[in-house]
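Have a look at the structure below before the remarks.
The values are calculated or read from the model by the stated rules, or taken from the named source; none is laboratory data. In this text, all values refer to a predicted model and were calculated from it rather than measured experimentally. Cβ placement follows ideal geometry from the backbone for every residue including glycine, while neighbour counts extend to all protein chains displayed.
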Amino acid sequence: MSDLTETKVSSPVPPRSLTELFIGFLSIGARAFGGVLPWAHRALVEERRWLSPQEFAEVLALCQFLPGPNVANVAVVLGRRWFGLPGAIAGFLGLMALPFAWVLGLALLYADWAAHPVVRPVVAGVGVAGGGLFIGTALKLARPIAKRPVALAVAAACFAAVGVFRISLLLVLPVAVALAVLAARKRLV
Amino acid sequence: MTELFLTFALLSLFAVGGISTIMPEMHRIVVVANAWVSAPEFTQLVAVSQAAPGPNVLIVSLIGWKVAGLAGALVALAGICVPSAAAAWWAGAIWDRFRDAPWRALVQRALLPVTSGLVLAGGYLVATPEGIGWRNALIAGASAAALYATRLNPLWILAAGGAAGAALFG
């Protein structure tokens, strides 16, 4: 494991084999406590360096506009890019296999433990910290736009519309993308 | 079983931004229209799927499991995932084919602020299930700062969040 500055300068190298791809996505699903996205960023960009931070943001952006779980879409898009159909399948199955087992196992355990007085506040605390991991990941994604006021305004507007005013993504996405593309054409973002 | 698959396959294509978008419709179909699980059971399954590590979409395999055991769990998960994965395959192919096209660079530049804002909103919603308060702000703020500024393993951050939860929410 190396420091942050090295992560920035060394250029990313895609996985060399299907097995490596499968294990990489398996390692995301294995520990995806508190949400998958922060772990995907950590594994793909920081640990395995298959992608640069910019490439990750670009693939994630594409996947946010598609239906379905974002990171499962990331697995399909990257698997396809690197190894075609076998890659898409390996990435997807790698990502989903362990979480599928975790959730069934937890459902079996939950019935016995839910009543325990310590369980509820601890689970609540982990949940809030998981939200914090998403916020930290958003800050990492936003690094390239930190000095562009119009881009920051677009990000803030998207945050407010979905996070604060709870407007449906089906409405927010088309409007936000249209405005952002207009701004990009005028070189504002 | 076929009905289970088709129900979730149809929902899959509307799940832009993930499972939370279709949660109200899923509740209507699963609890009200078909009575596959009761309303309290549904809430409990949502809680379990959110607490388990992995995509929240796994709520559908818990519903499938209640309806038809392990096979039901697999069929429901395939239903919710296959259509959206096919869409991702197709969109990824187009996206990669136009790697060097000027419009792609433009769209990419436009999408970054939107993506950042949406991930931030997702984190905010998860961190404030019962409205914003100093406890949530403290735990979420400290976790975000630790992830952003250090290379600490996020598992430690979550463990600290659990300990803080026991101390503050207990």
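Against the test of being under 12 Å from the mean Cα position of the chain (by Cα) and either under 22 Å from B:Gly123 (Cβ atoms) or in contact (Cβ under 8 Å) with a residue 40 or more places away in the chain (or both), the options A:Leu21, A:Leu37 yield a single qualifying residue, A:Leu37. The listed residues are B:Ala39, B:Ala71, and the only one of them that is more than 8 Å from chain A (Cβ to nearest Cβ), modelled with pLDDT of 85 or more and more than 23 Å from A:Ile28 (Cβ to Cβ) turns out to be B:Ala71. Filtering the range B:14-64 to residues that are more than 16 Å from A:Pro67 (Cβ to Cβ) and of a type in the set (Val, Ile, Thr) leaves B:Ile29, B:Val30, B:Val31, B:Val32, B:Val37, B:Thr43, B:Val46, B:Val48, B:Ile63. Taking the criterion of being on the phi > 0 side of the Ramachandran plot and more than 7 Å from chain B (Cβ to nearest Cβ), the only residue of the range A:36-83 that qualifies is A:Arg49.
Would you say A:Ala30 is surrounded by fewer than 22 Cβ atoms within 10 Å (Cβ to Cβ) and either at the interface with chain B (Cβ under 10 Å from one of its Cβ atoms) or within 14 Å of the chain's Cα centre (by Cα) (or both)? Yes: the conditions hold for A:Ala30. So, in the range A:96-154, of the ones that are in contact (Cβ under 8 Å) with a residue 12 or more places away in the chain and among the charged types (D, E, K, R), which residue ends up nearest to B:Pro55 (Cα to Cα)? Across the range A:96-154, the extreme among qualifying residues is A:Lys140. From the list A:Ala61, A:Ala40, the one residue that fits, being surrounded by 21 or more Cβ atoms within 10 Å (Cβ to Cβ), over 24 Å from B:Val48 (Cβ atoms) and small (Gly, Ala, Ser), is A:Ala61.
Per the listing A:Ala155, A:Ala161, A:Ala151, A:Ala183, the residue uniquely among the aliphatic types (A, V, I, L, M) and surrounded by fewer than 21 Cβ atoms within 10 Å (Cβ to Cβ) is A:Ala183.
The residues of the range B:122-140 that are buried (at least 23 other Cβ atoms within 10 Å of the Cβ), modelled with pLDDT under 90 and hydrophobic (A, V, I, L, M, F, W, C), listed by number, are B:Val126, B:Ala127.
Restricting to the range A:82-104, name every residue that is surrounded by fewer than 23 Cβ atoms within 10 Å (Cβ to Cβ) and within 22 Å of A:Pro38 (Cβ to Cβ). Across the range A:82-104, the qualifying residues are A:Leu93, A:Ala97, A:Leu98, A:Phe100, A:Ala101, A:Trp102.
Residue-level analysis places B:Leu74 among those that are of a type in the set (A, V, I, L, M, F, W, C) and within 24 Å of A:Leu85 (Cβ to Cβ).
Quickly run through the range B:125-159 and pick out the residues that are assigned to a loop (DSSP other than H, G, I, E, B) and over 20 Å from A:Ala156 (Cα atoms). B:Glu130, B:Gly133, B:Thr150, B:Arg151, B:Leu152, B:Asn153, listed by residue number. For the range B:85-115, a residue qualifies if it is under 26 Å from A:Val154 (Cβ atoms) and in contact with a Gly (Cβ under 8 Å, 6 or more places away or on another chain), and the qualifying residues are B:Ala87, B:Ala88.
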